[in-house]
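> Encoded as structure tokens, here's the structure I'll be asking about.
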Amino acid sequence: MDKLVIAGGKRLAGEITISGAKNAALPILCAGLLTADTLDLSNVPLLHDVSTMLRLLRQMGLQADQNGERVMLNGGAIDTLEAPYDMVKTMRASILVLGPLLARFGEAKVSLPGGCAIGSRPVDQHIKGLEALGAKISIEGGYIYAKCKKLKGTRVVTDMITVTGTENLLMAATLAEGETILENAAREPEVTDLANLLIKMGAKIEGIGTDRLVIQGVERLHGAAHSVIADRIETGTFLCAVAATGGDIILKNTRSDILDAAMDKLRDIGVILTTGPDWIRAQMSARPKAVNFRTTEYPGFPTDMQAQFMAVNCIANGTSQVTETIFENRFMHVQEMNRLGAAISIEGNTAFIKGVEQLRGAPVMATDLRASASLVIAALAAQGSTTIERIYHLDRGYDQMEVKLSKVGADIVRVK
Ligand code: EPU
């Protein structure tokens with residue numbers, strides 16, 4: 001298994017190009033199931049999760065040609081309406097095939113995702129919404145069996161805000177009969193990006209970007225071309241890296257307007273940020289200042305940035321409190337950061353961090369995607385050498401992170 005070896009203490013300077021967003025690309029690839037025509041997708045990030053999704057879609061009969069960051073999909077010959085356990089267990093986002101399959105073919109068999117490293121993550125709201133749209137759903141042998149003649153529009157109020165739940169129901173509603181209203185919808189930019197693609201495919205959706213999506217079902221959707229939105233979490237991760245190491249970096253092919261809450265915290269930390277329409281420059285020359293925050297749904301502070309900001313707080317001047325409200329077990333990085341010399345304690349869903357002058361390199365283990373990214377940041381700022389094991393987690397969601405960081409001066413190598 002690959003490892004990363006990082007010699008900390010290098011200032012970062014230079015340019016990094018940001019990839020397309022993983023969490024937009026995954027639902028967008030599933031939208032290929034909604035039409036018999038061709039989707040021409042660009043800025044699709046080269047990630048393990050994208051490869052896994054393409055493998056799943058191909059075994060359903062979807063034709064998928066990947067050429068770098070361009071992917072052509074054709075759903076004219078779908079013949080298997082099933083997502084097997086072997087695939088769903090490696091990637092929970094596989095559940096995103098459920099809504100499209102049901103809406104277009106009236107049938108789907110999708111493995112129930114199990115628990116995962118960051119929480120139990122049930123899919124009851126996906127099921128509740130599809131049942132409200134008229135699907136008959138049963139769960140047998142760990143599989144969701146869903147059937148319907150034709151989905152029928154209705155008003156769905158989810159018990160909580162769910163990102164992939166909103167995306168599944170939105171895709172299903174595009175081909176349902178009549179009007180569907182999704183209340184308490186997720187407003188994440190990745191949901192908006194999916195909705196924008198669906199509109200190009202002929203869907204009728206109002207309220208995009210709000211918590212109330214109103215969808216008028218159409219008979220069929222057609223082909224379209226779409227460029228995936230920039231990855232705000234990859235962007236934020238590199239901004240945290242420079243906050244921790246000091247330096248001057250420019251991030252290209254990204255957007256600052258979908259990262260407000262994190263950018264405000266970076267300014268409080270002491271990072272000087274300047275922005276243009278598709279770039280962000282971050283300059284940092286002092287020791288970071290500690291910041292308190294609490295994760296919430298968009299446009300609040302993203303849970304997917306919690307671990308990376310915690311890495312900065314570890315070496316900041318002052319003490320801080322970080323509260324995780326979205327997932328019940330998203331502090332797996334804390335023990336590993338403490339191995340690097342951090343002073344973090346946890347009470348319930350709040351971490352208390354006492355900033356230390358200096359972290360020191362040590363062997364650590366990555367436990368999930370964003371935890372891995374936070375360990376990279378801590379290691380870049382630490383004195384001495386850190387080895388991070390199990391970086392397959394990182395490869396799921398970051399396109400060649402070590403290559404991008406090397407280009408801006410980090411001493412980071414992948415050891416096979
Ligand atoms: N929830 C339920 N029932 C449901 C759905 C969600 O109880 O049917 C709960 C979850 O257990 C969680 C909360 O609602 O406590 C929010 O979960 P949500 O459904 O919004 O998460 P998700 O759709 O499974 C997506 C991202 C995650 C990101 C979260 C929150 C994708 C593919 N994944 O997950 O990304 O953390 O939204 O913003 O879009 C990551 O990229 O590292 C990652 C984990």
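> Please tell me if residue 334 is touching a Pro at 6+ places or on another chain (Cβ under 6 Å) and under 22 Å from residue 236 (Cα atoms).
Working: touching a Pro at 6+ places or on another chain (Cβ under 6 Å): no; under 22 Å from residue 236 (Cα atoms): yes.
The answer is no for residue 334.
> Output yes when any residue across segment 137-148 is of a type in the set (Asp, Glu) and either closer than 12 Å to residue 213 by Cβ or in a loop (DSSP other than H, G, I, E, B) (or both), and no when none is. Talk me through it step by step, then tell me what you get.
Taking segment 137-148 and keeping what is of a type in the set (Asp, Glu), we get 140.
Imposing the further condition that a residue be either closer than 12 Å to residue 213 by Cβ or in a loop (DSSP other than H, G, I, E, B) (or both) reduces the set to none.
Among the residues of segment 137-148, not one is of a type in the set (Asp, Glu) and either closer than 12 Å to residue 213 by Cβ or in a loop (DSSP other than H, G, I, E, B) (or both), which makes the answer no.
> I'm trying to understand the selection: among the residues of segment 112-133, which are in contact with a strand residue (DSSP E or B) (Cβ under 7 Å, 6 or more places away or on another chain) and either under 25 Å from residue 61 (Cβ atoms) or within 11 Å of the ligand (Cβ to nearest atom) (or both)?
Looking only at segment 112-133, we keep the residues that are in contact with a strand residue (DSSP E or B) (Cβ under 7 Å, 6 or more places away or on another chain), and these are 112, 127, 129-133.
Passing the criteria: 112, 127, 129, 130, 133.
> Just give me the residues in segment 151-173 being more than 14 Å from the ligand (Cβ to nearest atom), of a type outside the set (Val, Ile, Thr) and in a loop (DSSP other than H, G, I, E, B), in sequence order.
Scanning segment 151-173 gives 151, 153.
> Need pairs with beta-carbon distance below 9 Å; first residue touching a residue at least 60 places away in the same chain (Cβ under 8 Å) and within segment 136-155, second part of a loop (DSSP other than H, G, I, E, B) and loosely packed, with under 15 Cβ neighbours inside 10 Å; sequence gap 6+ or separate chains.
As it stands, the answer is 153/178, since those pairs meet every condition given.
> Can you find, within segment 302-334, the residue that is farthest from residue 246 (Cα to Cα) among those that are away from the ligand (no atom under 16 Å from the Cβ) and open to solvent by 30 Å² or more (accessible area, probe 1.4 Å)?
First pass over segment 302-334, keeping only residues away from the ligand (no atom under 16 Å from the Cβ): 312-321, 334.
Then keep just the ones that are open to solvent by 30 Å² or more (accessible area, probe 1.4 Å); that gives 317-319, 321.
Details: 317: 14, 318: 18, 319: 20, 321: 23 Å.
By that ranking, first place goes to 321.
> How many residues are open to solvent by less than 50 Å² (accessible area, probe 1.4 Å), in contact (Cβ under 8 Å) with a residue 40 or more places away in the chain and within 15 Å of the ligand (Cβ to nearest atom) when one looks only at segment 378-400? Walk me through how you get there before you give the answer.
Narrowing segment 378-400 to residues open to solvent by less than 50 Å² (accessible area, probe 1.4 Å): 378-382, 384, 386-388, 391, 393-395, 397-399.
From the residues that got through so far, the ones that are in contact (Cβ under 8 Å) with a residue 40 or more places away in the chain too are 378-382, 384, 386-388, 391, 394-395, 397-399.
Next cut, within 15 Å of the ligand (Cβ to nearest atom) only: 391, 394-395, 397-399.
Of the residues in segment 378-400, 6 are open to solvent by less than 50 Å² (accessible area, probe 1.4 Å), in contact (Cβ under 8 Å) with a residue 40 or more places away in the chain and within 15 Å of the ligand (Cβ to nearest atom).
> Next up: Quick one: is residue 197 open to solvent by less than 10 Å² (accessible area, probe 1.4 Å), touching a Lys or Arg at 6+ places or on another chain (Cβ under 9 Å) and either closer than 30 Å to residue 404 by Cβ or not in a loop (DSSP other than H, G, I, E, B) (or both)?
Values: open to solvent by less than 10 Å² (accessible area, probe 1.4 Å): yes; touching a Lys or Arg at 6+ places or on another chain (Cβ under 9 Å): no; either closer than 30 Å to residue 404 by Cβ or not in a loop (DSSP other than H, G, I, E, B) (or both): yes.
So residue 197 does not fit the description; no.
> Residues 176, 186: which one is open to solvent by less than 60 Å² (accessible area, probe 1.4 Å), of a type in the set (Gly, Ala, Ser) and within 14 Å of the ligand (Cβ to nearest atom)? Explain how you work it out, then say what you get.
Working: 176 fails: within 14 Å of the ligand (Cβ to nearest atom).
Criteria check complete, one pass: 186.
> Moving to a separate point now. Return the residue satisfying two criteria in turn: it lies in segment 374-404 and is under 21 Å from residue 16 (Cα atoms) and of a type in the set (Val, Ile, Thr), and of such residues it is modelled with the lowest pLDDT.
391
> Can residue 109 be described as within 11 Å of the ligand (Cβ to nearest atom), over 21 Å from the mean Cα position of the chain (by Cα) and at pLDDT 95 or above? Steps first, answer last, please.
Values: within 11 Å of the ligand (Cβ to nearest atom): no; over 21 Å from the mean Cα position of the chain (by Cα): yes; at pLDDT 95 or above: yes.
For residue 109, the condition - within 11 Å of the ligand (Cβ to nearest atom), over 21 Å from the mean Cα position of the chain (by Cα) and at pLDDT 95 or above - is not met.
> Something else: Being without any contact (Cβ under 8 Å) to a residue 12 or more places away in the chain and out of contact with any Gly (no Cβ under 6 Å at 6 or more places or on another chain) is the requirement here; does residue 122 meet it?
Working: without any contact (Cβ under 8 Å) to a residue 12 or more places away in the chain: yes; out of contact with any Gly (no Cβ under 6 Å at 6 or more places or on another chain): yes.
So residue 122 passes the test.
> Any residue at all in segment 27-44 that's at pLDDT 95 or above, over 20 Å from residue 233 (Cα atoms) and in contact with a Ser or Thr (Cβ under 7 Å, 6 or more places away or on another chain)? Reasoning before the result, please.
Step one: of segment 27-44, the residues at pLDDT 95 or above are 27-44.
From what is left, the residues that are over 20 Å from residue 233 (Cα atoms) are 30-41.
Okay, now just the ones that are also in contact with a Ser or Thr (Cβ under 7 Å, 6 or more places away or on another chain), so 34.
Checked segment 27-44: at least one residue is at pLDDT 95 or above, over 20 Å from residue 233 (Cα atoms) and in contact with a Ser or Thr (Cβ under 7 Å, 6 or more places away or on another chain).
> Starting from residues that are among the acidic types (Asp, Glu) and outside any strand (DSSP E or B), keep the ones in segment 52-110 and report whichever is surrounded by the most Cβ atoms within 10 Å (Cβ to Cβ).
Within segment 52-110, the subset among the acidic types (Asp, Glu) is 65, 69, 79, 82, 86, 107.
So of that shortlist, the ones also outside any strand (DSSP E or B) come out as 69, 79, 86.
Details: 69: 18, 79: 9, 86: 9.
Step by step, filter segment 52-110, then rank; the result is 69.
The values are calculated or read from the model by the stated rules, or taken from the named source; none is laboratory data. Not measured: the values here are computed from a predicted model. Virtual Cβ from ideal backbone geometry, glycine too; neighbours counted across all protein chains shown. Heavy atoms of the whole protein, side chains included, go into the accessibility calculation; ligands, DNA and RNA do not. Shrake-Rupley method; radii C 1.70, N 1.55, O 1.52, S 1.80 Å.
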